[in-house]
1. Pairs 146/177; 141/246; 141/221; 45/177; 141/180: which exceed 23 Å Cα-Cα?
2. Which length gain, in nm to one decimal place, applies between residue 150 and residue 32 when the Cα-Cα distance is subtracted from 0.36 nm times their residue separation?
3. Can you put 44, 225, 246 in order of accessible area, largest first, using a 1.4 Å probe?
4. Ranked by accessible surface with a 1.4 Å probe, highest first, in what order do 87, 94 come?
5. Given H placed on each backbone N at 1.01 Å, which residues far from residue 184 in sequence or on other chains put an amide H within less than 5 Å of it?
6. Can you figure out the FRET efficiency of residue 13 with residue 45, using R₀ = 45 Å and their beta-carbon distance, to the nearest 0.05?
7. Could you pull out every residue, at least 5 positions away or on a different chain, whose amide H is within less than 5 Å of the one on residue 153? Hs are placed 1.01 Å off N in the peptide plane, and Pro or chain starts have none.
8. Could you sort 152, 196 by their accessible area in this structure, using a 1.4 Å probe and putting the largest first?
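The values are calculated or read from the model by the stated rules, or taken from the named source; none is laboratory data. As the structure is a computational prediction, the values presented were derived from the model and not from experiment. Here the Cβ is made from the backbone with ideal geometry for all residues, glycine too, and neighbour counts use every protein chain on show. For accessibility, only protein heavy atoms count, side chains too; no ligands or nucleic acids. Shrake-Rupley method; radii C 1.70, N 1.55, O 1.52, S 1.80 Å.
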Amino acid sequence: MDEKEVIIIMAIAIPVTLVIIVIVLFSVFSRRKNRLLREQAETKKAYDRELAESQIEIREETLRNISWELHDNIGQLMTLAKIQAQMSLEKPEMMPEVCETIGSGIDELRALSKLINPEALKSLSLKEAVSLEIERFNRLKFIAAKLKVVGTIAPIEGNTQIILFRILQEFFSNTIKHSKAASLNVVLDYSEKHLTISAIDDGVGFSKDDDFMGIGLKNMKTRAKLINSTLRIESTKGEGTSLHLKYNMV
């Protein structure tokens, strides 16, 4: 094979090789792009699903709260007011007590009305939504609860706020139902780039062998991951339970 033939072969081989390389790279790029698009679609589906479930769970929790307060709280106040009113027919000096009881019932109804509107949460900040929960716990004497806000409150996208609130609501529910805690302290700490949330109770705590927190804990962690957050739940038998969540706002 003379030099001329080698040059011809090289002249053909180099472009063909380049074409093959381009085709291979394009194929790899297309596969990666399609995989990325599938992953993005799956992530969006998971986010939409968790958002819808969070909204439903918040509504269900709200309806349970309303039902309980109407029956066991406001209902009792109105029954007491009726008894006092009947007694005041013979003892007029009891009328101030009747007025006070009815006034308490009206105050409870006003507080409850904030929860009845299904769109209420969308118009509230996270701080306001959590405040309503804390106020309810204290009003109904479920637990001595406190909320502390650190830093300048920053706006959070509405759907993300719903998921954050549901994570906290899940923790609160477990605290009220299972922890036998006397106090609950919640902190919303706003910085330039992050929102750090902590919720700590002084209840009985739980160990890894306990299963009552299993599904709820899994849901909280799944939802935290979907909104670019890290979540840590810590608990020791007899020493209470704490939630620590860090949401990246940028």
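1. Table pairs above 23 Å Cα-Cα are 141/246; 141/221; 45/177.
2. Here the segment from residue 150 to residue 32 would lengthen by 38.2 nm.
3. From most accessible down to least: 225, 44, 246.
4. Result of the area sort, largest leading: 87, 94.
5. 144, 145, 146
6. 0.40
7. Here nothing satisfies the definition.
8. From most accessible down to least: 152, 196.
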